[in-house]
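Data first, discussion second: the structure below is written as structure tokens.
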Amino acid sequence: MSNRALGILCCVLAIFLWFYAIPTWVSAPSNVSKVVLSPTFWPLIIAALIGLSGIYLVAMEAVQATHDTETLEQPESAMAGSIRLILGAVAMVIFLFSVETTGLVIGSMALFLVIAIIITQTISLRFVLIAICLPIALYGFFAHVASVAVPQGEWIQLP
Amino acid sequence: MIDNILAGISVVANFESILALAGGVLIGVIAGAIPGMSATMAVALTLPFTFSLSPITGILLLLGVYKGGIFGGCIPAILIKTPGTPASSATVLDGHPMAEQGESGRALGMALYASCTADLISNLALILFAGWLASFALKFGPPEFFTLILFSLTIIAGVSGASLVRGIFSALLGLLFATVGLDLVYGTNRFTMNDPNLMGGLNFIAVLIGLFAIPEILNMIWSPDKNSGQARKLSSAWVSFAEYKRCFKSIIRGSFIGVFLGSIPGIGAAPAAFLSYSEAKRNSPNKENFGKGEIEGVAASEAGNNGVAGATLIPLLALGVPGDVITAIIIGAFMIHGLQPGPMMFLSNVDIIYALFVGLILSSIFLFGIGSFAIRGFRFISKIPKAVLLPSVLILCIYGCYAINNTLFDVGVMFAMGWLGFLMYRASIPAPPFLIAFILGPLFEDNFRQAMLMSNGDMGILFRSPITWFFWAATLLTIVAISKKVRELENKPGQLTKDAK
């Protein structure tokens with residue numbers, strides 16, 4: 001991301017924080033005697049500094065015309081990479097919202113398999129075995145050694 | 001003194017105490033190596049087992065878990081870029097690049113040597129200077145804390161790569177996320193959206209794991225490595241004495257930073273590790289290699305966080321004040337056994353005090369032995385192909401994150417921070433400044449506002465003592481040095497964001 005784009009993003013974020021997020025989501029009592037003691041004081045300072053960083057980044061780009069030359073790894077096809085990311089995000093969201101029904105063990109098994117398949121685009125016996133054994137081993141440790149109440153779900157009740 | 005030491009040895013020199021200490025270190029190393037299972041959690045889980053033990057055996061067991069846990073956190077930090085404990089966050093910066101280059105054995109070896117050296121120095125500081133350090137720590141009020149943390153925030157320059165502005169932006173995001181939760185002074189909501197889960201703020205470990213581990217997985221999903229199905233190369237090289245000697249200065253410096261910060265209640269090991277790392281980078285002839293797999297970076301980070309371990313017992317034993325959450329649990333163990341830590345304990349239970357000192361020295365030796373054994377086993381994780389390792393890490397992180405508070409909300413926070421970390425990575429915004437600011441932000445704000453409450457809004461309180469003056473001067477000098485460096489970099493075209501990640 002170029003300095004200019006990041007700078008503009010910082011400025012937009014600062015404006016959003018200053019004019020919407022802080023007034024809406026930070027409650028301050030009306031009887032605050034000193035402004036430095038107000039719950040909004042610190043978030044406002046941070047918002048202002050983000051805005052200043054943004055202005056500096058834009059100005060730096062204008063003065064020096066520097067561009068990012070860093071090459072991060074790229075997929076063979078950006079479309080394919082984006083689809084894989086969307087699938088990964090969807091898998092994580094479905095996992096989060098279904099864990100209470102499926103339980104952490106079965107949910108983890110499914111998530112492992114989905115992520116492994118997204119990465120390798122193949123399915124092998126090795127993945128299936130790990131997908132079964134790893135969540136069960138972790139369940140055993142956390143539930144029986146660390147005494148964590150691991151969600152069991154509605155389908156299977158593990159000992 | 002000699003009589004007291006001999007009395008201490010006689011209390012510790014039995015099979016039960018030695019076994020408890022060694023067992024504690026082993027439990028701690030294993031727990032520390034599991035992301036999400038922090039040293040705090042391991043100590044808390046071990047506490048009930050001490051009820052039936054004699055006081056000294058029980059306390060030695062907890063101290064062993066504590067020491068082992070702090071060290072154990074470096075193992076996943078180096079091998080899978082997932083710090084086992086918050087204290088190991090700084091170890092990721094150079095430890096993981098070393099593992100990627102097939103040098104996990106050297107990284108883990110140096111982490112062990114640095115940890116044991118720092119642990120020993122910390123224990124000796126506790127034994128020799130407990131009283132003096134405790135009285136010095138007592139001089140720290142909110143204004144002194146504020147200036148200390150302000151100085152610590154200059155670490156951000158050391159972990160921002162070549163683009164300081166992007167590092168500062170990252171740190172500001174960290175500060176912003178740290179404001180989530182109930183306001184300290186008025187108890188009002190800040191960015192909680194009236195969700196009770198957010199009222200306590202974002203869980204630190206969920207943020208930590210999300211920021212470091214999940215982006216690795218997302219990067220793999222975005223651009224699967226052609227070699228992801230194959231094992232990484234694993235060199236059999238072990239850290240040499242020459243390398244240890246080269247890093248010795250940074251280890252000693254980091255140990256003293258750890259001792260100093262550990263003796264002040266409430267700071268914790270993570271800031272000590274980052275400060276030690278930053279100072280090592282500032283002073284090293286190999287500063288250009290930091291962040292790319294420099295063994296001195298691993299040594300400095302581990303020395304910083306392990307230097308805290310013995311020193312947090314200074315306020316506990318000398319004043320009866322816990323230095324952090326773990327020592328707060330340990331103080332509970334003292335009380336369960338009818339002991340009241342503090343100055344009077346040096347008179348009424350001097351044999352127990354010296355037995356603890358002897359046990360602490362022994363724990364450094366056990367840490368070396370058990371740590372060597374553990375890392376020889378764990379380092380083969382590097383051989384697991386990434387296509388298998390990364391989904392496994394994801395599942396491990398989910399369990400670890402869930403276990404912190406037994407809530408799926410933390411898992412959600414971890415995922416969200418993971419996506420934020422991934423986007424930051426793609427935009428060449430470094431993640432470590434975010435984390436440092438997230439750790440130090442609440443301390444920074446709380447101490448500032450407490451100071452303002454004390455002075456009724458008068459800023460003059462921030463300059464009230466020689467300690468505050470010292471940290472103001474150190475901060476200014478550091479900012480001048482950073483500005484000079486930024487100007488130098490600006491004169492080198494193409495360097496500005498080259499190693500921002």
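Run lengths n ≥ 4 of DSSP H only: what is the helix-derived mean residue ellipticity at 222 nm for chain B, with -39500 (n - 2.57) per run over all residues, to the nearest 500?
Values: 22 runs with 351 residues, N = 501.
Roughly -23000 deg cm²/dmol at 222 nm, from the helical runs in chain B.
Return the FRET efficiency for the residue pair A:VAL128, B:LEU184: r is the Cβ-Cβ distance, R0 is 45 Å, and the value is rounded to the nearest 0.05. The partial results should precede the final answer.
Details: r = 50 Å, r/R0 = 1.11.
So, using R0 = 45 Å, E works out to roughly 0.35.
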*asked:* Could you derive backbone 3J(HN,Hα) for the stretch B:172-181 from the dihedral phi with the Karplus parameters 6.51, -1.76 and 1.60 (θ = phi - 60°), listing whole Hz in sequence and x where the residue is Gly or Pro?
replied: 5, 4, x, 4, 5, 5, 6, 7, 5, x
*Send over the per residue convex hull volume for the stretch B:308-379, Cα only, as a whole number of Å³.*
101
*Can you list, bin by bin at 20 Å, the percent of alpha carbon pairs in the protein assembly as shown, starting at 0?*
19, 54, 26, 1
*Considering only B:ILE56, B:LEU128, B:ILE156, whose Cα is most displaced toward the positive end of the charge dipole of the protein assembly as shown, charges sitting on Cβ of Lys, Arg (+1) and Asp, Glu (-1)?*
B:ILE156
_Debye calculation, C-alpha points only, no solvent: report log10 I(q)/I(0) for the stretch A:78-145 at q = 0.17, 0.27 Å⁻¹, in the same order as the q values._
-0.66, -1.15
*Distant-in-sequence amide H partners of A:VAL26 (H built 1.01 Å from N, under 5 Å)*: B:PHE191
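Tell me, what are the semi-axes, in whole angstrom and largest first, of the equivalent ellipsoid of the stretch B:373-447 as set by the roots of 5 times the Cα gyration tensor eigenvalues?
On the way: eigenvalues 143, 61, 51 Å².
Semi-axes (√(5λ), whole Å): 27, 17, 16.
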_Suppose the Debye formula is applied to equal point scatterers at every Cα of the stretch A:3-64; what is log10 I(q)/I(0) at q = 0.17, 0.20, 0.23 Å⁻¹?_
-0.60, -0.72, -0.84
_Computed label-point distance, nm, for sites B:SER372 and B:ASN405 using a 7 Å Cα→Cβ extension_ = 4.2
_Flagged links, alpha-carbon separation over 22 Å, of B:LYS287/B:LYS484; B:LYS245/B:LYS281; B:LYS81/B:LYS249; B:LYS81/B:LYS292_ = B:LYS81/B:LYS249
*asked:* Using a 10 Å cut-off around each Cβ, can you sort B:ILE436, B:ILE80 from fewest to most neighbouring Cβ atoms?
replied: B:ILE80, B:ILE436
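Would you mind calculating the relative contact order of chain A from Cα pairs under 8 angstrom and at least 6 residues apart, reporting the percent as a whole number? Display every interim value, and only then the final one.
Working: 129 pairs, mean separation 34.4, N = 159.
Once divided by the residue count of chain A, the mean separation gives 22 percent.
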*asked:* What percent of all Cα-Cα pairs in chain A falls into each 5 Å bin, going from 0 up to the bin containing the maximum distance?
replied: 1, 8, 10, 10, 9, 9, 9, 11, 13, 11, 6, 2, 1, 0
_How big is the stretch B:327-415 along each principal axis, measuring the range of its Cα positions in Å and listing the largest first?_
59, 35, 16
*Over the Cα atoms of chain B, compute the convex hull volume and normalise it per residue, giving Å³.*
148
*Counting other C-beta atoms within 10 Å, which of B:SER17, B:SER276, A:SER30 has the fewest, and how do the rest follow?*
A:SER30, B:SER17, B:SER276
*Residues B:SER348 and B:SER52, FRET efficiency given R0 of 22 Å [Cβ-Cβ distance, rounded to 0.05]*: 0.40
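Rule-based calculations on the coordinates, nothing more; no lab input. As the structure is a computational prediction, the values presented were derived from the model and not from experiment. Note that each Cβ is placed from the backbone with ideal geometry, even for glycine, and that neighbours are counted across all protein chains shown.
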